[in-house]
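The values are calculated or read from the model by the stated rules, or taken from the named source; none is laboratory data. The structure presented is a predicted model; accordingly, all values stated were derived computationally and were not measured. When we count neighbours, we look across all protein chains shown, and the Cβ atoms used for this are built from the backbone with ideal geometry, even at glycine.
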Amino acid sequence: MAIILVLVTALVAPFFVDWTVYRSSFEAYAEAALGHKVTVLGEADMSILPSPTVTFTDVRVGGAEDPLLVISRFQIRMELPPLLKGEFRILDMTLDRPHLTISLDEDGRPDWLTAMQSGGALADIAADDVAFENISITDGAVTVVDARSGITHTLDNAELTVKARSLAGPFRIDGPVEIADERYSLSLATGRKQADGALRVKGTITPGQVSMSASIDGILSSLEGMPRFDGGFQLKGIEQGEDQPQVVWTANGTFEADTAHLTVDKGEYHFGPQERRSGFDGRLEMVYAGDRHFNLTARAKQIDLDRIYGGGPQDPVNLSEASAKVIDVLKGLPIPDMKGTISLDIPVVVAGGELLQEVKADLETRPGGWHISRLAGRIPGRTTIATEGDLVVRNKFSYRGSVSLNSEQPGALAAWLGENADGSTRIQPISLEGRVSLVDTGAALENLRVELDDAVITGGLSFRKPHQGRDEFGLSLVADRLNIDQVEDMLRLVGPSAGGATFWNNTNVSLMVRAREAIVRDVAGKDLALQASFSDDDLKIDRLYAGDLAGAEVDVSGRVENLFSAPVGSMTGSLKASDLDGLVSLLRSAWPDAGLLARLERASEYLVPAEFEGEFKGSGTAEGSSLQFDLSGTAGGVETTLRSSFEGRVDAWRNADLDMKLDLKSADGGQILRQIGLEILPVDELGAGDVTLEAIGRPDDGVELRMTAASPAASLSADGSLRWQKDKDANYSLQGTLAMDDLAPFALLAGRMMPVMAGDIPVDLRYALDGHGDTLAFRDISGRVGDVTLTANAEGSLAPSTGERLRRFKGRVDLSALDLMSLSEIVIGADQWASVGDGSSVWPSVAFDRPLLTSLDLNLDITAQSMPLGLGEAAGNVSANLRLKPDELRLDDLTATYADGRLSGQLALRRSGAEGALSGRLKLEAADLSRLVWASEGRSVATGSLDLLADFEGVGRSLSGIVAGLTGGGTLKVSEGALRGLNPQAFSLVMRAVDAGLDLQDTKIRNVFLSHMQAGTLRFKTLEAALGILGGRVSARNIAVDAQAAKMFGSALINLNELSLDSDFSLTVDAGDEAVIGAEPQVGLLFNGPLDAPVRSVDVAPFTAYLTLRAFEREVERVEKLQSEILERQSLDRNLKRQSQERRRRAREAEEEAAREAEQEASQATAPSEESSGGNAVPEASETPAGPDGAQSGELTPSPISSEETAADFANRIRQVIGRQANDNQAQSGNEASGRTDDGALKPLDPPQTVEDLIAREIRRSTN
């Protein structure tokens, strides 16, 4: 920009010039302004209108041979009116192909300033008198030659647009440039030049090849002729997002720069998504003059890779993915062209859900990459790791150096690396060191020294994954004491996939192991030597020898080529063992899901001592190979011989010819069964045994199978075929027979105990089955098991359904008898019903045993001719759907005939651990009650049609526990029934006996009542009750009996824990005319004792009380009748006396009237005035009947009956009163027989007496 201003000034400085000599004038003025020689070698052109325009070509500043600035073409166009006023308004200025060359001296000063002959005339021009509207620079270039380092820096192809308001600014520069063949977009803006010459500069630089942008903002100044910049910077890394560009990293800070140094005092670097950012704070010092170098130190508080590359703590990043990301970052690291160091300090790194602590890295530049002088940190498992080596990132990525690792908890380290904790936690603390080599295709550890489990192991390992072909893995280990389990777990630390099925299928392996003592799967061995390789289906075992592998000596050697296609070669082996536990344990660890090995493990103790020789031979044929494998020897006293041949290809074995025969012979047939893996009781001798198995044919066409097994106690035969075609499931068909004298010992072969108390269970069955893959169908099973005949068919799968563990079978079974107790023992364990209770219950109290089934789920439609229920007779015509699992027995849609009625419902018995749960709903309709209740003297105590509904459930750890926990409810109804031994006429018959003189005593009443009651029957229309079940007790309250001859009501309680009955009923008849107040003819009936034979007791006390009250009322009635007669006689006597007196009175009155009349007649005749006086006449006194003698003015009120006095006591007192009154009447009967006194007159009647008088008198006597 300064050069441009100078050129303009030189052009316009002479306000009026001699245009004919303009070129020389321009050169003179320009040289005076710039202080450098200016030469115009090309043409000069000028025009005045429409605006002054001047054009020069080939303008050079400096020496003509070595110019500082060369401009191919220079053109300027100005406004004329401002020019006339001494102001310069540059409309357009064009610089074509300007090339500026600047050299920096040993002090870093540009020669433009040092080569100036004078200060120039530029300073004499007023800055505001010059303005630029547009300056275009086309194909510009700048070359900077640094004498301090001899390096030349270039800027080419500059296409810039420059604007300036004045010579002092502000300025603006925009356009693209090329620096070191890289395209950049430049945009700079300045402020106005300050008094000290400093200039505020702000701008952005955007690379064309890198997705980033750089911006600066600071002061550009000059100090002692050297340019200097102080300010801030910001860098941004940009990636194209789904919708718009996204900033993925930023760097910012303040810096100072001159021609020799760059210093960033406070720099910050942040990376990652905007919401999950991590960053560094640091300092950068760079010297790019002389001894060029840089030093970068940075520290981060925390780097959270889980948030950057994963989903945070809830979804941490996979370590393999994180490692790949870090390696990509390392590969993308730029390689500076100067020496330098980087020091990083990261206190915490979050990766894989764990913390890496105190991570430190020191890097130094080296040709092609970096030298890592230190990379160390603490990782999970209390592990420290450190490495030093050379990292190459140019061309091919590689790292070679030393590594050391110390882990106190390798299990935790393995879990973090992605290995599951099972097994890894067994690793002892480990210390490892060696040389490591990492390349894109593999890794190697050499000069390896491992301290593990108090043992020192030396050797090495390598893994290579070529672009084509199989992977390659090599391992060499030498140790005095070698724990191979620990080594395997250690290998998983290096590579979690090591040892997996994919690893062995896709990898060529070379192994060399030597150890005086070895531990494999916790099995100790001695003198272990292994030298073997497996490459491209070729197996070579130079030697596999174990002198003592937990009691077994193993020696194998040989070589077989094309092992999995057409094997050719030979291999021999021998085994001598006094103990096979260790060898079996090794096989189980290699194939943990093999069912055959599980049986072998159980039988291992019966296979020793063992001594076997085996030989494998293979030779090539036109069809593939001819193979032969022979094995012979003895194991546990059983002679074993295997002869087999194979003609064809191993990879097309279905079309190969097979011929195999296996013979097992032993003096003890049980030993053969034990070796097969079946469990039998050692006390049971089965006699000599012989087992033969033959297979001949091609799997694709069909292999004929034949098997026979015989012993004195049992025999089994099977004949059939097996066909297994490619891409199809195997088809097989078998027919045979099975015969046993007793099923129980053979049930033990499968680890199941049959009920011992059931006795011998002979078996005679015929079977036929078909199979297709996992599907199995029993077409016909018939015969006898024990006393039960059966026919059955079923089909199902030998493989559990997805997400299940049970094998399902469905079918139909027809039985002669179904025993629910035996069936339930499949779920609750053998011999449960044969055990005894603990005294608190009649039910067995032994805890439930393990179920007899383990992996079957049976769904059977079952029928049976009979089914014992444990109550009364057995049910008949049984039909139900049976669902049987290891932990569940369920009978659905149960129907049967029971006691001439219909039984329906469902039952379920479930297991949950040690607990069992029983539930059910049963409905019995129209059953004959007489066949269900107990009998007395050979006859059922009740008859009728029974309807019963019951819901129940119970939980317990034994049968007694389930019964004790039963709860539920139901209803009971008996229609048109009779209760035998309950004669309602017994009441009236006893009343007659009492009337006939039977003494009113409980004993006598009971005896007479029972004799009459037992002789009759109480018939009823209905008997109904609601049932409640709680705690193993069935209660029936408010039992109502609808009978015409009597009323009966009460309650009953059945204790299922003891199978006992406790009931209380009341039997009442209608007294009719014999009714009394306060009592009725009633007895209590109690049934107590065992449910099958309860004892009946009769309480006649209420009836006795009734009879007593009845007798008392009758006596009261007799007394009241007698009293009524006495009162009536007294009334008659009084009436007779009154009539006699009345007659005498009337006669006297008549006599007196006649006398008066006579006197009147006489007086009238003699002296009419004289009147006769009758003063001495005695008036007749009126007579009032006297009251009864001995009448009392007051009446005694009987005292109330004491609350403590019982009904029986009251009845006895009443009988005493009645008896005493009768005696008194008899004593007086002689005197009162005539009813007259000594003088012949009638005796006065006694005063009337009431019942209350009699009772009160007796009370007074008793108290006196």
Considering residues that are over 26 Å from the mean Cα position of the chain (by Cα) and farther than 11 Å from residue 884 by Cβ, the number found within region 811-862 is 32
Applying the selection to region 1049-1087, what residues are of a type in the set (A, V, I, L, M, F, W, C) and farther than 27 Å from residue 951 by Cβ?
1067, 1069, 1071, 1075, 1076, 1077, 1079, 1083, 1085, 1086
Scan region 483-493 and tell me whether some residue there is more than 41 Å from the chain's Cα centre (by Cα) and at pLDDT below 90.
no
Residues that are surrounded by fewer than 16 Cβ atoms within 10 Å (Cβ to Cβ) and touching a Phe, Trp or Tyr at 6+ places or on another chain (Cβ under 8 Å): list the strands (runs of 3 or more DSSP E) wholly contained in region 538-620 that include at least 3 such residues.
568-577
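So that you can scan it fast, the table gives a plain yes or no per residue for (1) assigned by TED's automatic domain parsing to the domain that holds residue 1041; (2) of a type in the set (Lys, Arg); (3) surrounded by fewer than 16 Cβ atoms within 10 Å (Cβ to Cβ):
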site: 935; (1), (2), (3): no, no, yes
site: 962; (1), (2), (3): yes, no, no
site: 968; (1), (2), (3): yes, no, no
site: 976; (1), (2), (3): yes, no, yes
site: 982; (1), (2), (3): yes, no, no
Let me confirm something: among 1115, 1080, which residue is over 30 Å from residue 1014 (Cα atoms) and either in contact with a His (Cβ under 8 Å, 6 or more places away or on another chain) or crowded, with 16+ Cβ neighbours inside 10 Å (or both)?
1115
Would region 394-406 turn up any residue that is surrounded by 15 or more Cβ atoms within 10 Å (Cβ to Cβ), assigned to a loop (DSSP other than H, G, I, E, B), in contact (Cβ under 8 Å) with a residue 24 or more places away in the chain and in contact with an Asp or Glu (Cβ under 9 Å, 6 or more places away or on another chain)?
yes
So, in region 112-130, of the ones that are over 16 Å from residue 69 (Cα atoms) and at pLDDT 55 or above, which residue ends up farthest from the chain's Cα centre (by Cα)?
124
State whether one or more residues within region 131-146 are modelled with pLDDT under 80 and of a type in the set (A, V, I, L, M, F, W, C).
no
Out of all the residues in region 208-219, which are at pLDDT 90 or above and crowded, with 17+ Cβ neighbours inside 10 Å?
216, 218
Could you check residue 1031 against (1) touching a helix residue (DSSP H, G or I) at 6+ places or on another chain (Cβ under 7 Å); (2) in contact (Cβ under 8 Å) with a residue 40 or more places away in the chain; (3) more than 30 Å from residue 956 (Cβ to Cβ) and say which number it fails?
(3)
Among the residues of region 946-990, write down those that are among the acidic types (Asp, Glu) and farther than 22 Å from residue 926 by Cα.
953
Please verify whether residue 921 is in a strand (DSSP E or B) and within 18 Å of residue 810 (Cα to Cα), treating the condition exactly as stated.
no
For region 215-232, give me each residue that is charged (D, E, K, R) and part of a strand (DSSP E or B).
217, 228, 230
Go through (1) closer than 30 Å to residue 136 by Cα; (2) in contact (Cβ under 8 Å) with a residue 24 or more places away in the chain; (3) assigned to a strand (DSSP E or B) and name the single condition residue 239 misses.
(1)
Looking for whichever is small (Gly, Ala, Ser), under 22 Å from residue 706 (Cα atoms), at pLDDT 90 or above and over 49 Å from the mean Cα position of the chain (by Cα) here; the options are 632, 666. Which one fits?
632
State whether one or more residues within region 1039-1058 are within 21 Å of residue 983 (Cβ to Cβ), of a type in the set (D, E, K, R) and either modelled with pLDDT under 90 or under 60 Å from the mean Cα position of the chain (by Cα) (or both).
yes
Residue set 1067, 1091, 1127, 1122; condition among the aliphatic types (A, V, I, L, M) and surrounded by 18 or more Cβ atoms within 10 Å (Cβ to Cβ); output residue 1067
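One line per residue, one yes/no per condition, for (1) farther than 24 Å from residue 152 by Cα; (2) modelled with pLDDT under 85; (3) more than 50 Å from the chain's Cα centre (by Cα); (4) not in a strand (DSSP E or B):
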{"site": "193", "(1), (2), (3), (4)": "yes, no, yes, yes"}
{"site": "206", "(1), (2), (3), (4)": "no, no, yes, no"}
{"site": "234", "(1), (2), (3), (4)": "yes, no, yes, no"}
{"site": "254", "(1), (2), (3), (4)": "yes, no, yes, no"}
{"site": "269", "(1), (2), (3), (4)": "yes, no, no, no"}
{"site": "279", "(1), (2), (3), (4)": "yes, no, no, no"}
I'd like the full set of residues that are crowded, with 16+ Cβ neighbours inside 10 Å, acidic (Asp, Glu) and over 48 Å from the mean Cα position of the chain (by Cα), limited to region 343-389.
362
It is to be established whether one or more residues within region 842-858 are modelled with pLDDT under 85, of a type in the set (Val, Ile, Thr) and surrounded by fewer than 16 Cβ atoms within 10 Å (Cβ to Cβ).
yes
Among (1) crowded, with 17+ Cβ neighbours inside 10 Å; (2) touching a Gly at 6+ places or on another chain (Cβ under 7 Å); (3) modelled with pLDDT of 90 or more - the single one residue 642 does not satisfy
(2)
Among (1) surrounded by 18 or more Cβ atoms within 10 Å (Cβ to Cβ); (2) of a type outside the set (Lys, Arg); (3) touching a Pro at 6+ places or on another chain (Cβ under 8 Å), where does residue 303 come up short?
(3)
Tell me whether region 191-199 contains one or more residues that are under 30 Å from residue 303 (Cα atoms) and among the polar types (S, T, N, Q).
no
